[in-house]
Amino acid sequence: MSTLVTGATGMVGRRILTQLRSRGLSATGASRTSQTRLDWTDTSNWDELLDGVKSVFVVTPVGSALGNRVAGFLEKAAGAGVGNAVVMTAMGTEYAPSDSDQRAAELRAKDLFDRWTVLRSNWLFQDFTEGTFASMARARNGRLELPVKKRTAISFVDARDVADVAVSALLDDHSGREYTLTGPQAHTFREVVKQTRGTESPVWRFKAVDEAGFYFRATDRGWGERYVDTLNERFAAAVAGRAAEVTEDVRAALRRDPIPLARFVREAVL
């Protein structure tokens, strides 16, 4: 059985690919920067990519207006004989409009495949070391400036847990399941920054800013307006308390507890 992993250079996709290959399984990683290239705006090699593939992991880019393209890829995959689709979106996507990027991908997967699993991940711990928050802090001399309150709490989840659930869904029977993946406890940004300072994280300070200030800084860095708007929507949801929920879904999928912040910090030390 061959598996295609999209977003293969990302925090979750990279870990999925490593796991599959470590088990001796046939797996191909694809992204815009991988040796095997996947560009959602270029359909020319989709048939080749999907040839012989039986399972696919699809992560929908955030705030990129590519929902219809991803849905089209899923349609192509189903037509090529792919039998199992694991779609990763974000926590709260089930409440988004049906034509929003990530919700559209979820709904198409449900319509097209006999075996499908939806993973809705909260923000990742690894965002502080290699993802969005790390990128923001590097541009501000180590200061992470976000449009949230000092007491805004988020149930951050470890990318390794998300990857473990994805691998299990690709290899085992999680058909029809929708998992909201969180860590075991909600933390404020200030708490996480304090504990990760001194690890490989470039984030040394945290400052709450208003939405307009964040928008200006982000677009000034060259980030697209739609992407920044999507981030602001997620931060607004967090301020409203909708990202603090702790679920049991990691445990339900893996039969073990999710990785806590203390372990992430311990294992992220240089």
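Here are a few things to note about the model shown:
- Value of [θ]222 nm, deg cm²/dmol, for the chain, DSSP H segments ≥ 4, -39500 (n - 2.57) each, nearest 500: -11500 deg cm²/dmol
- Cut-off 11 Å, label 7 Å out along Cα→Cβ of ASP111, residues of the range 73-89 by amide N: 75
- Once the Cα-Cα distance is subtracted from the 0.36 nm per residue extended length, the SER175 to SER26 segment shows a gain of 51.5 nm.
- Using a probe radius of 1.4 angstrom, the carbon and sulfur fraction of the accessible surface of the chain is 45%.
- Cα gyration tensor shape for the range 1-81, rounded if a/c is under 1.5, else prolate or oblate: oblate
- Residue with peak Gaussian network fluctuation, the chain [Cα springs, cutoff 10 Å], from SER31, SER100, SER44: SER44
- Rounded to the nearest 10 square angstrom, SER175 shows an accessible area of 50 square angstrom against a 1.4 Å probe.
- For the range 75-154, trypsin sites (Lys or Arg not before Pro) are listed when DSSP marks them as loop and at most 14 other Cβ atoms sit within 10 Å of their Cβ; the list is LYS149, LYS150, ARG151.
- Where both bridge residues fall in the range 3-268, DSSP classifies roughly 5% of the beta bridges as antiparallel.
- Lysine pairs in the chain with Cα atoms under 18 Å, if 8 or more residues apart or on separate chains: 8
- If R0 equals 35 Å, the separation of the Cβ atoms of ASP210 and ALA65 corresponds to a calculated FRET efficiency of about 0.85.
- Full extension of the chain between LEU254 and ALA240 gives 2.1 nm of extra length, using 0.36 nm per residue less the Cα-Cα distance.
- Intensity falloff of the range 77-210 expressed as log10 I(q)/I(0), Debye formula with alpha-carbon point scatterers, at q = 0.18, 0.21 Å⁻¹: -0.99, -1.16
- Put simply, the convex hull of the Cα atoms in the chain casts, on average, a shadow of 13.4 nm².
- Rounded Å value of the spacing that divides the Cα centres of the range 177-228 and the range 114-174: 10
- The chain - accessible surface per residue (Å², probe 1.4 Å): 46
The values are calculated or read from the model by the stated rules, or taken from the named source; none is laboratory data. For clarity, every value in this text was computed on a predicted model and none was experimentally measured. Neighbour counts are summed over all protein chains in view; Cβ atoms, including those assigned to glycine, are modelled from backbone coordinates with ideal geometry. Areas reflect the complete protein model, heavy atoms only, side chains present, ligands, DNA and RNA absent. Shrake-Rupley method; radii C 1.70, N 1.55, O 1.52, S 1.80 Å.
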